[in-house]
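**Student:** A single structure is presented below for examination.
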């Protein structure tokens, strides 16, 4: 170890010179193939600073000594070329980037983003180190990356949010290197097993004593003998299919991979773990897929693994300070651990007097890793939203395909689609599950089961009919439907099962304690004309209703079940069980016939009721009470029938509503998403444009008082002075005439009214004597009406006379100001 | 208003009138027909209208025990009387009469609406029993004192009040006064009391209302304290350790001791007495705590038994219901079959089958009941054993502690005796100081008298202790016995009832069957 460093110091200066000129050492073809214009790159990408050159010298030296001392080890990835064809040290390619997106504050978010945002570019050769490593900034632009670039981006993000993260260069199995997930089960497929919370019931010692079981010991023994063989047979069946076995990978253990190691200690990480940047999935450090580690690095240092990797990474120790296990490239450079320690002690340092000296001392210690050359890594909100290259990604899993879409990409709001297959070759579809977002019909999830052809839809709360869940085979009224509703419904309906001939409704927390209602229908075909268009008429055969116990009533009067046998004109009532009996009371009523044209209504008699009441009630119930019971039951029956009709109608409504919604899918556009914001902006611009158009149109069409005259006189622009004067005079005279006409009109009205009044008065004077009271009244009201009218006419005339000259003047002024006439009328 | 004109003759409220009124209000439809056919019992009538009848005196209403609504408005009634039997009345209309005093409403505890409008009442009184009153109309009367209305504040449910047309309602700020003192009121004089008005009123009369509320609150608190004290005492009594916290027992021991006070004055005795009291107190406290803890344990045991009992019964009920449901389904099918069968021979065979099925059902139900009964008896036995254990150990503890009481008493007695003897000697030798009072000196002149007094005191004390002990032990024993007995009785009743019901049901089924067999009968 020490020897390495000493020689490093010696040879450092010599090599520095050679590295100053290494910019051009990369073949031109590569640069061209990268299709990167040098000028677009910032300067730091194209030129190595002095510190970087010194670092490269160290690295070169280190590599030479490393290959000298360990000739059987494979070369290290130390300074690949970047997108501008300049050699850069890998640690300086990491740029700790803090983002403002809250999604990227956790490692889960970062890993998911890196995995979904980039698409994998396989290494040129799966076993050779790449000769280039692009900066995270340029990778984000192209959205294509090798596993090394994946890891570099993810590590940069993690360092930015203060994780103790490292890039790991090592070996992994083929599936991981090539992002082949077809052997894994889709994580969305395994439904979480709901842990049944066992009721915390205390063992009560007062319980039923078990009956002595009369069982043959011999038989049990025989049975137990049989068991193992049956279990073995079961196990046999569970063995995986032959088709799933893959051929052995020839390159196993040689395939290069790069991933991220997160060490415990910061951000309340309890244990070290790996993140595979290609999938964004975290693994324990002993996971089987990782076969070996060559080196790890972060933005402070580069460590070469000195431990044996023959048994994978399971026994690896990640104490990077330990020089026997991890050989650092920069000896004495600060590590993350030191930084954490320092931050803790900073306050103490501040207290001491000679702070400066001590700090200087610290700085003198060793060569520090220079700053990153990578330009700012910026991740926009839009990047986060669109995620996948092109906003869409397809992943193949074992017997399943997962397709994901960016929000608003698909017009029907589809976000995720999971297709699961029956077989490994993915030919026979078993189940299609789709997740939606932002839909106005609140659909969140749809599951189409191709085997039994059932469609299950789940909705968010708050949609029409409070529907939460809908399962059907076909979206028609005739088929079977299962609907679940949210508990805020007024009728407390929770579930409704409809099938041909039957409907079951379940309620919760109803005030009348009804919890169950089953309806049986008898169908009869309608041939009559008027029913052709309406729904097929259904006939109720039987309605069963069940109620919870209402403890405020005695059990004998608390109805447990009501059966309306509509077809048989019977109603059966069963009451709740008393606390200590086995047989419930029940009553059975026969409905008396209603009055028809031929017959009088049937009278109610005691025979129409057959009842069995528990208890020792000697006095029979009075007929009147029975009759009242029957009447209220019949009333209830009517209501129930009505409710059932409503329910059926609602089923039809829901089905048609769903059909309509599916036919015209609409999405909410939330203004807090970039797509929504863009849409809102364009909408506003459109509205502004329209408003402006309308404004201009209005402006153009403003009333032109000269237009009719111009047309009549057939004068075209521009006006001559004579024309203008003539026009002016014409206009004024016409207006004057109009005013006079108005005045005349009012005058005429006034005279008419006066004349009529006079006539009436004359008539009154003549007939005053032989007049009835009523006529007198009529006359009086007539007179007052007339006088009012006359007065109004007079007032109007007066007003007109006052206003006319003013109006005339106003018109004159306006004409003089008119741009077409003004120049000619100045004189 | 005809009664003011005096046009009509007042009539008596006799049986005929009432009967007629009942008859008139019976509807003419099917239900009415049935009712008439069966005969109308006055004690089942719920509503009766006796308005505009020129009635002078309320009478003949004692049969209407279930009456809920009574209309006696627009009559000539002068006194409220004869309503004593109408305990279920919720609605009473006495408006447009000549009533001058509120009275005779004592038994109408369920009354919710009371209409006394258009009478001649000048004071609100005699209404303390009407706890459920929610509507009270007393408009157009002669009420003058606003303060008198405040007596209505005790009706917590009152929300509709009508006082218009009284002299008091003409006073300034009358409505604000009412609104302030009746914050729960929603309607006053048939008008909705708005929130703003209530607020304004409460500001206006803030001080007075607040004072009144404080007083009521204090009274309420005192009542609550009394209640909780009573509840606590009840708990202690249930635990059989009432009055054992503190030095009650000790005090009761020395309460009837005539010589105790005299003896106390002897030097040394007071000190002895004090230690004795302290020791007794500590022991009592210990006993008290044990008693409460034991009570809790017993309660828990009984509760656990009850829940187990309920569970057992429900389980068996479920089983029985299943059996029953199966049978009924088959039975229904059979009945339908019977109706279609016409061949009498076949019918006979079928009915035979049916009978068998009924018998089978009966058997299975009975055997279920038998099993349940034996199970229940088992757990009752278990409860008996457990409770007996508890009671036994409690009794032992109690007896132990009481033995300690006796020991203490003995020690005390011995000590006092010693002191008494010493004092006797002193008195005899006349060497006592001047500090001894005359009484004591006189007592100690006679040795026999002193010894007698001490012995009686001692005996008395022991008797008191024994009494308390016996009381405690016998009561706990009695409690146990009555508990077990009660449970056993209940079980017996349940068993009887269940069997009776089952038999009754079988009879019912057989009767139904018989109808098929001999349809002519």
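The values are calculated or read from the model by the stated rules, or taken from the named source; none is laboratory data. Fair warning: this is a prediction, and the values are worked out from it, not measured in the lab. Cβ coordinates were reconstructed from backbone atoms using ideal geometry, including for glycine residues, and neighbour counts include every protein chain displayed.
**Student:** Somewhere in segment B:446-460, is a residue within 30 Å of residue B:300 (Cβ to Cβ) and modelled with pLDDT of 85 or more?
**Tutor:** No: zero hits.
**Student:** Could you go through segment A:442-463 and let me know if any residue there is touching a helix residue (DSSP H, G or I) at 6+ places or on another chain (Cβ under 6 Å) and closer than 20 Å to residue A:664 by Cβ.
**Tutor:** No; the residues of segment A:442-463 include none that is touching a helix residue (DSSP H, G or I) at 6+ places or on another chain (Cβ under 6 Å) and closer than 20 Å to residue A:664 by Cβ.
**Student:** Condition first: in a strand (DSSP E or B) and crowded, with 22+ Cβ neighbours inside 10 Å. Now tell me which residues in segment B:74-96 satisfy that.
**Tutor:** Of everything in segment B:74-96, just one residue is in a strand (DSSP E or B) and crowded, with 22+ Cβ neighbours inside 10 Å, namely B:92.
**Student:** Looking only at segment B:294-327, which residues are facing another protein chain (nearest Cβ under 7 Å) and under 27 Å from the mean Cα position of the chain (by Cα)?
**Tutor:** B:304, B:305, B:307, B:309
**Student:** With the condition kept exactly as written, say whether any residue in segment A:743-750 is touching a residue at least 60 places away in the same chain (Cβ under 8 Å) and surrounded by 11 or more Cβ atoms within 10 Å (Cβ to Cβ).
**Tutor:** Yes - at least one qualifying residue is present in segment A:743-750.
**Student:** Moving on to the next point. So which helices (runs of 4 or more DSSP H) are wholly in segment B:130-232 and hold at least 1 residues that are in contact with a helix residue (DSSP H, G or I) (Cβ under 6 Å, 6 or more places away or on another chain) and under 25 Å from residue B:106 (Cβ atoms)?
**Tutor:** Once the helices (runs of 4 or more DSSP H) in segment B:130-232 are filtered for at least 1 residues that are in contact with a helix residue (DSSP H, G or I) (Cβ under 6 Å, 6 or more places away or on another chain) and under 25 Å from residue B:106 (Cβ atoms), nothing remains.
**Student:** If the requirement is being farther than 25 Å from residue B:472 by Cβ, surrounded by fewer than 14 Cβ atoms within 10 Å (Cβ to Cβ) and either without any contact (Cβ under 8 Å) to a residue 40 or more places away in the chain or within 14 Å of chain A (Cβ to nearest Cβ) (or both), which of these qualifies: B:274, B:278?
**Tutor:** B:274
**Student:** Taking the stated definitions as given, is residue B:382 surrounded by 15 or more Cβ atoms within 10 Å (Cβ to Cβ) and under 21 Å from residue B:294 (Cα atoms)?
**Tutor:** Judged against the criteria, residue B:382 is a match.
**Student:** How many residues does segment A:407-428 contain that are buried (at least 16 other Cβ atoms within 10 Å of the Cβ) and either more than 21 Å from the chain's Cα centre (by Cα) or in contact (Cβ under 8 Å) with a residue 60 or more places away in the chain (or both)? Don't jump to the end; show me each part of the working.
**Tutor:** Pass one, segment A:407-428, residues buried (at least 16 other Cβ atoms within 10 Å of the Cβ): A:407-410, A:413-415, A:417-421, A:426.
Among the residues that remain, those that are also either more than 21 Å from the chain's Cα centre (by Cα) or in contact (Cβ under 8 Å) with a residue 60 or more places away in the chain (or both) are: A:407-408, A:413, A:418, A:420-421, A:426.
Total satisfying the criteria: 7.
**Student:** For segment A:790-808, which positions are closer than 19 Å to residue A:762 by Cβ and either surrounded by fewer than 12 Cβ atoms within 10 Å (Cβ to Cβ) or without any contact (Cβ under 8 Å) to a residue 40 or more places away in the chain (or both)? So that I can check it myself, show each step before the final result.
**Tutor:** From segment A:790-808, those closer than 19 Å to residue A:762 by Cβ are A:790; that's our starting set.
Those that are closer than 19 Å to residue A:762 by Cβ and either surrounded by fewer than 12 Cβ atoms within 10 Å (Cβ to Cβ) or without any contact (Cβ under 8 Å) to a residue 40 or more places away in the chain (or both): none in segment A:790-808.
**Student:** Restricting the search to segment A:538-582, which residues are modelled with pLDDT under 80, more than 12 Å from chain B (Cβ to nearest Cβ) and surrounded by 12 or more Cβ atoms within 10 Å (Cβ to Cβ)?
**Tutor:** A:538
To keep it simple, each residue is scored yes or no on (1) modelled with pLDDT of 85 or more; (2) crowded, with 16+ Cβ neighbours inside 10 Å; (3) under 22 Å from residue A:113 (Cβ atoms).
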{"position": "A:264", "(1), (2), (3)": "yes, no, no"}
{"position": "A:271", "(1), (2), (3)": "yes, no, no"}
{"position": "A:277", "(1), (2), (3)": "yes, yes, yes"}
{"position": "A:281", "(1), (2), (3)": "yes, yes, yes"}
{"position": "A:285", "(1), (2), (3)": "no, yes, no"}
{"position": "A:288", "(1), (2), (3)": "no, no, no"}
{"position": "A:292", "(1), (2), (3)": "yes, yes, no"}
{"position": "A:301", "(1), (2), (3)": "yes, yes, no"}
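**Student:** What residue, among those in segment B:23-73 that are within 14 Å of chain A (Cβ to nearest Cβ) and surrounded by 19 or more Cβ atoms within 10 Å (Cβ to Cβ), is nearest to the chain's Cα centre (by Cα)?
**Tutor:** Only one residue tops the list, namely B:45.
**Student:** Quick one: is residue B:491 touching a helix residue (DSSP H, G or I) at 6+ places or on another chain (Cβ under 9 Å), within 14 Å of chain A (Cβ to nearest Cβ) and surrounded by 15 or more Cβ atoms within 10 Å (Cβ to Cβ)? Working first, answer last.
**Tutor:** Numbers: touching a helix residue (DSSP H, G or I) at 6+ places or on another chain (Cβ under 9 Å): yes; within 14 Å of chain A (Cβ to nearest Cβ): yes; surrounded by 15 or more Cβ atoms within 10 Å (Cβ to Cβ): yes.
Against the criterion (touching a helix residue (DSSP H, G or I) at 6+ places or on another chain (Cβ under 9 Å), within 14 Å of chain A (Cβ to nearest Cβ) and surrounded by 15 or more Cβ atoms within 10 Å (Cβ to Cβ)), residue B:491 qualifies.
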